[in-house]
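Enquirer: First, the structure itself, so that you have it in front of you.
The values are calculated or read from the model by the stated rules, or taken from the named source; none is laboratory data. For clarity, every value in this text was computed on a predicted model and none was experimentally measured. Because the Cβ atoms are built from the backbone with ideal geometry, glycine has one as well, and the counts that use them run over all protein chains shown.
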Amino acid sequence: MAASSPGRVARPIGLLVALFVVTLALRPQLVGIGPLLPRIQADLGASHAVVGLLTTIPILCMGLFAPLGPLVAMRVGPRLALAGCVAGIVGFSLLRAAAPGLVAIVATTVGLGVAMGTAGPLMSIVVKERAGERPALATGAYATGIVAGSLIAAAVAVPLADGLGGWRGALAVFSIVSIGCLVGWLVLLSPDLGRAATGWVRPAALPWRSPLAWGLVAVFGLQSILYYGTISWLPDAAVERGWSETAAGSLIAVMHLVGLASGMAVPFVADRLGTRRVQLLVTAAVAGVGFVGVSVLPAAMWLWAAVIGFGLGAIFPLCLVLPVDVARRPAEVGAVAALMLLGGYLISGIGPVLLGLVRDATGDFSASLWLLVVLSGALLLAILTLTPGRLRHGVQPVPTSDVAAEPA
């Protein structure tokens, strides 16, 4: 294949492996810190609210700094831009593990969040440039890497802390492993060619006026609310119903394991089977059945956790491929992805807080669980707005005056 065609790659397996490997490094410092928060709080003598910033700050940054990703990509190319983000994650994570006090730990967490947020849209740009014919498959590869990295980090954080004498050692190990992910990315993926590397196209403006782009924000935000709300409160809801803390925590492990499997399987066939809206509707409906089941038949919560995991695990990569579907050029893909992540992650922060407020107001988790059912219904309605015609029409490109001349 011609090297001048950025939408094609001669070795697609290498691209898939590269995307999987590099995204393993994007979430361990966020997800893995969750099980360590009690130790961090005891070590620093901080309040629950202050220690909670260590998880809240990166999530907010993943939205706020997403628009920075396309700007960096247009300067140095998405390959080096993503490498720089992973290097930032490694550097700030090591500094945080060694930071002497709470202020320094929070400050390094902000730097960590900026690197995570900047990385967000870059994978979509890589997929558009190098896997234009199989966008769902390539998106599934990096979505699987994100989920796998999260699952592994959550599973090994406490054992690592036990074996290394504390939470700092566990976070340092995550950073060291991420160095290997960075090296793998640079080795497996060839240097950028074409418009993103040479500056043929200027960064596209965020599509603030596009109803379709805001539809993507709604879909991504609602599925994120369901995910973060579930992992935050489903174990507590199970404990409230008489489960042990160990058994209740295992519900989230089941959810992630099944979600990892569906997140790998669904994108594999998504480019060949059905329309994107049908795929989104089916997977969202499966998750909705799981949420109804948790409320109606809580005795079978193991089953419902698996059903929810299947639905949310599959819809996540399908949402991530939407910017590739609706934009023509890599710069426009980056702009759509940045807006989707900006709005979606800011919306997702509402979920755990809202569900917790409902729990406090009503005295148990019944109303909160039914609220998840309502939100899953809202997700289905948002997906229905993504008609095949609107998806085909896509997000309108930037005016031609904003685009530099391209080679024939």
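Enquirer: Checking residue 386 against (1) in a helix (DSSP H, G or I); (2) under 21 Å from residue 139 (Cα atoms); (3) modelled with pLDDT of 90 or more: exactly one of these is not met. Which one?
Expert: (1)
Enquirer: While we're looking at this one, here's another question. In this structure, does residue 76 turn out to be of a type in the set (Val, Ile, Thr) and either under 22 Å from the mean Cα position of the chain (by Cα) or closer than 14 Å to residue 33 by Cβ (or both)?
Expert: So residue 76 does not fit the description; no.
Enquirer: Among residues belonging to the stretch 294-313 that are farther than 17 Å from residue 227 by Cβ and not aliphatic (A, V, I, L, M), point out the one that is surrounded by the fewest Cβ atoms within 10 Å (Cβ to Cβ).
Expert: 302
Enquirer: If you don't mind, there's one more thing I want to ask. Output yes when any residue across the stretch 240-248 is touching a residue at least 60 places away in the same chain (Cβ under 8 Å), buried (at least 17 other Cβ atoms within 10 Å of the Cβ), in a helix (DSSP H, G or I) and not hydroxyl-bearing (Ser, Thr, Tyr), and no when none is.
Expert: Scanning the stretch 240-248, I find no residue that is touching a residue at least 60 places away in the same chain (Cβ under 8 Å), buried (at least 17 other Cβ atoms within 10 Å of the Cβ), in a helix (DSSP H, G or I) and not hydroxyl-bearing (Ser, Thr, Tyr), so the answer is no.
Enquirer: Every residue in the stretch 75-89 that is part of a helix (DSSP H, G or I), out of contact with any Cys (no Cβ under 7 Å at 6 or more places or on another chain), buried (at least 24 other Cβ atoms within 10 Å of the Cβ) and in contact (Cβ under 8 Å) with a residue 60 or more places away in the chain, please.
Expert: Answer for the stretch 75-89, where residues must be part of a helix (DSSP H, G or I), out of contact with any Cys (no Cβ under 7 Å at 6 or more places or on another chain), buried (at least 24 other Cβ atoms within 10 Å of the Cβ) and in contact (Cβ under 8 Å) with a residue 60 or more places away in the chain: 78, 79, 82, 89.
Enquirer: Which residue out of 374, 353, 358 is outside the structural domain of residue 136 (by TED's automatic domain parsing), on the phi < 0 side of the Ramachandran plot, free of Cβ contacts under 8 Å to residues at least 40 places away in the same chain and in contact with a helix residue (DSSP H, G or I) (Cβ under 8 Å, 6 or more places away or on another chain)?
Expert: 358
Enquirer: Would you be able to say whether some residue in the stretch 314-326 is surrounded by fewer than 21 Cβ atoms within 10 Å (Cβ to Cβ) and free of Cβ contacts under 8 Å to residues at least 12 places away in the same chain? Walk me through it before giving the result.
Expert: Kept after step one, since they are surrounded by fewer than 21 Cβ atoms within 10 Å (Cβ to Cβ), are these residues of the stretch 314-326: 325.
Pick out the ones that are also free of Cβ contacts under 8 Å to residues at least 12 places away in the same chain and you get none.
No, every residue in the stretch 314-326 fails to be surrounded by fewer than 21 Cβ atoms within 10 Å (Cβ to Cβ) and free of Cβ contacts under 8 Å to residues at least 12 places away in the same chain.
Enquirer: I would also like to ask the following. Which members of the stretch 148-192 meet the condition of being in a loop (DSSP other than H, G, I, E, B) and either in contact with a His (Cβ under 8 Å, 6 or more places away or on another chain) or not hydroxyl-bearing (Ser, Thr, Tyr) (or both)? Walk me through it before giving the result.
Expert: First pass over the stretch 148-192, keeping only residues in a loop (DSSP other than H, G, I, E, B): 165-166, 189-192.
165, 166, 189, 191, 192 - these are the residues of the stretch 148-192 that are in a loop (DSSP other than H, G, I, E, B) and either in contact with a His (Cβ under 8 Å, 6 or more places away or on another chain) or not hydroxyl-bearing (Ser, Thr, Tyr) (or both).
Enquirer: Same structure, new question: Being among the aromatic types (Phe, Trp, Tyr) and closer than 22 Å to residue 172 by Cβ: is that true of residue 65 here?
Expert: no
Enquirer: Further question on the same structure: Those residues that are of a type outside the set (Lys, Arg), surrounded by fewer than 21 Cβ atoms within 10 Å (Cβ to Cβ) and in contact (Cβ under 8 Å) with a residue 24 or more places away in the chain, I need them from the stretch 152-173; list them, please.
Expert: If the condition is that a residue be of a type outside the set (Lys, Arg), surrounded by fewer than 21 Cβ atoms within 10 Å (Cβ to Cβ) and in contact (Cβ under 8 Å) with a residue 24 or more places away in the chain, then 152, 155, 156, 158, 166, 169, 172 are the ones that fit.
Enquirer: Moving on. Among what's in the stretch 6-27 and is in a helix (DSSP H, G or I) and among the β-branched types (Val, Ile, Thr), pick the residue that is modelled with the lowest pLDDT.
Expert: Within the stretch 6-27, the first condition is being in a helix (DSSP H, G or I), and the residues that meet it are 12-23.
From what is left, the residues that are among the β-branched types (Val, Ile, Thr) are 13, 17, 21-23.
On the way: 13: 86, 17: 94, 21: 96, 22: 96, 23: 95.
Among them, the one singled out is 13.
Enquirer: Same structure again: Residues 147, 114, 110: which one is more than 15 Å from the chain's Cα centre (by Cα) and either among the β-branched types (Val, Ile, Thr) or closer than 30 Å to residue 275 by Cβ (or both)?
Expert: None of the others qualify; the one that does is 110.
Enquirer: If I go through the stretch 38-52 residue by residue, how many of them are part of a helix (DSSP H, G or I) and modelled with pLDDT of 80 or more?
Expert: Qualifying residue count, the stretch 38-52: 6.
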